[in-house]
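One structure is given here, and the rest of the page talks about it.
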Amino acid sequence: MPVVITALVFVGALCLLNLVLSVGIIKRLRDQAEILNRNGNSSRAATLGMNEEVGTFSVITEDGELVDHDSLYQGDTLVAFFSPTCGPCREKLPTFVDFAATFPGGRERVLATVVGDAADTTDMVERLRPVARVVREDSNEGAVSTAFALQGFPAILVVSPSNEHGRPIVTADNLDHELPVTAP
């Protein structure tokens, strides 16, 4: 009988230890989720998400070129949205320009949209022109911004024709989080 009591006490203590450790793990997971939310990784997407289809648009770039939805059918296209009033946009711009300069297909496969007043966007437009076809829009309700459901800046993604139906879809998003910030 004393062996049964000892075994019962041992199993009870083991169950209690398991419960305490489980509560600790759950608390730790909640803390980690809160940290991720604070860093913005779980917030609403800045543009269309993965595998979402791009809306139709037709605009003239700052260089007078026609860019439209049909131009996205040709292959991978790097698409970016910047605003001069956005601190992270100013920080990421030099790194994006370097990245865009090496993007396969060159300038023809890079589309950059700068959103803001004409006077405020001049510097960004000029810095992007050598590596991208640049569109300037007054607000995020412009044709390109609307086609990509723009909600925040900076937004950098890759669009490719879908293997399933051929229409352009987002194949890589959140690239703004992957580009390093340049040192001031």
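The values are calculated or read from the model by the stated rules, or taken from the named source; none is laboratory data. What you see is a predicted model, and the numbers here were worked out from it, not measured in a lab. Using ideal geometry, Cβ is built from the backbone for each residue, glycine included, and neighbour counts are taken over all protein chains shown.
Brief remarks follow.
- Condition check for Val158: farther than 19 Å from Gly64 by Cα, β-branched (Val, Ile, Thr) and either in contact with a strand residue (DSSP E or B) (Cβ under 6 Å, 6 or more places away or on another chain) or at pLDDT 95 or above (or both): yes
- A search for C-beta distances below 6 Å between a residue of segment 138-155 that is part of a strand (DSSP E or B) and any residue that is of a type in the set (S, T, N, Q), counting only pairs 6+ apart in sequence or on different chains, returns Ala155/Thr47.
- Residue in segment 89-102 that is farther than 21 Å from Ala172 by Cβ and either surrounded by 15 or more Cβ atoms within 10 Å (Cβ to Cβ) or not assigned by TED's automatic domain parsing to the domain that holds Val158 (or both) present: yes
- Extreme residue, surrounded by the fewest Cβ atoms within 10 Å (Cβ to Cβ), among residues of segment 118-130 that are in contact (Cβ under 8 Å) with a residue 24 or more places away in the chain and more than 20 Å from the chain's Cα centre (by Cα): Pro130
- With respect to the stated conditions, Val125 fails to be modelled with pLDDT of 80 or more and closer than 16 Å to Thr47 by Cα.
- Filter pass, Val79 being in contact with a strand residue (DSSP E or B) (Cβ under 9 Å, 6 or more places away or on another chain), surrounded by 22 or more Cβ atoms within 10 Å (Cβ to Cβ) and under 19 Å from Gly49 (Cα atoms): yes
- Glu108 at pLDDT 90 or above and under 20 Å from Val54 (Cβ atoms): yes
- Residue among Thr85, Thr77, Thr56 that is more than 18 Å from Thr171 (Cα to Cα) and not aliphatic (A, V, I, L, M): Thr85
- Each residue in segment 67-101 was checked for being of a type in the set (A, V, I, L, M) and either at pLDDT 95 or above or in a helix (DSSP H, G or I) (or both), and 5 of them qualify.
- Asn37, sole failed condition from (1) modelled with pLDDT under 85; (2) assigned to a strand (DSSP E or B): (2)
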